[in-house]
Amino acid sequence: MKLERALKGAGLALLIAAAVAFPQVYTNPAVTNYGVFAMIFVTVASAWNIFSGNSGYISVGHAVFFGSGAYAFGVAAHGWNVTGTGAFILLPFAGLVGALIAVPTGLVALRVRRHTFIVITIAFFFIFQLMAYNLAFTNGTKGLNAPFLNWPAAKASAM
C-alpha cells in the first residue's frame, strides 16, 4: 500500500517535471502548441473515463464544463490584462468555474436514468452553446482571443 502510494506520487512528480521542462527542451512554438493540445486531449479523455467508466452513463454535454472554464479563462485574462505565461495562474480559476457549473448540472442530471440522462446533457450543451453565441462578454460568434504568449518566433532550420 505504501509502495503503491509512493509510486503514484513519484509518477505525478515526474509528470509535473516533464510538463515544466517541455517548453524549455522544445523551444519551437509549434511543437509546444502540439504538446499543449495533447495535454488538453489527455485531460478530456481522462475526465470522460472517470465519469463514464465509473457510472456507465454517456454524457454528451461534457464539453460544457471545459468550454465554460476556457471562456472564464479568456474573459478573466482579457479583463485583468493578463498576458504571457502569467495567464497560467488563471488555470485553477478556470477549473473552479467548470466545477461550479458541473455540480448543479450533476445534481439535476444524475437523478435520471439512461436515455433521459443523454437528453438532459445534450440540452445543457445546446443551452450553453446558445449562451456562448449570444452573450456580449463572449463576443458572440467572433469568440475570444487567447492571451498572447510571448514566446520567441520559430527560426527556420537549415537542412
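Out of everything in the range 1-52 that is closer than 30 Å to L110 by Cβ and among the aromatic types (F, W, Y), what residue ends up being surrounded by the fewest Cβ atoms within 10 Å (Cβ to Cβ)? The qualifying residue surrounded by the fewest Cβ atoms within 10 Å (Cβ to Cβ) is F41. Tell me, please, whether a residue that is at pLDDT 85 or above and assigned to a loop (DSSP other than H, G, I, E, B) can be found in the range 89-105. No, because not a single residue in the range 89-105 is at pLDDT 85 or above and assigned to a loop (DSSP other than H, G, I, E, B).
For V108, the conditions (1) without any contact (Cβ under 8 Å) to a residue 60 or more places away in the chain; (2) open to solvent by less than 60 Å² (accessible area, probe 1.4 Å); (3) in contact with a helix residue (DSSP H, G or I) (Cβ under 8 Å, 6 or more places away or on another chain) all hold with the exception of (2).
Taken over the range 1-54, residues that are in a helix (DSSP H, G or I) and over 20 Å from the mean Cα position of the chain (by Cα) amount to 16.
Any residue that is at pLDDT 90 or above, in a helix (DSSP H, G or I) and open to solvent by 60 Å² or more (accessible area, probe 1.4 Å) - is there at least one of those in the range 80-88? There is no residue in the range 80-88 that is at pLDDT 90 or above, in a helix (DSSP H, G or I) and open to solvent by 60 Å² or more (accessible area, probe 1.4 Å).
Look at the range 13-32: where a residue is farther than 14 Å from T85 by Cα and a partner is in a loop (DSSP other than H, G, I, E, B), sitting 6+ places away or on another chain with Cβ atoms under 7 Å, you get N28/A154; A30/A154.
The values are calculated or read from the model by the stated rules, or taken from the named source; none is laboratory data. Small disclaimer: the values here were computed from a predicted structure and weren't measured. Don't worry about glycine lacking a Cβ; one is built from the backbone with ideal geometry, like all the others, and counts go over all protein chains shown. SASA here: full protein model, heavy atoms, side chains in, ligands and nucleic acids out. Shrake-Rupley method; radii C 1.70, N 1.55, O 1.52, S 1.80 Å.
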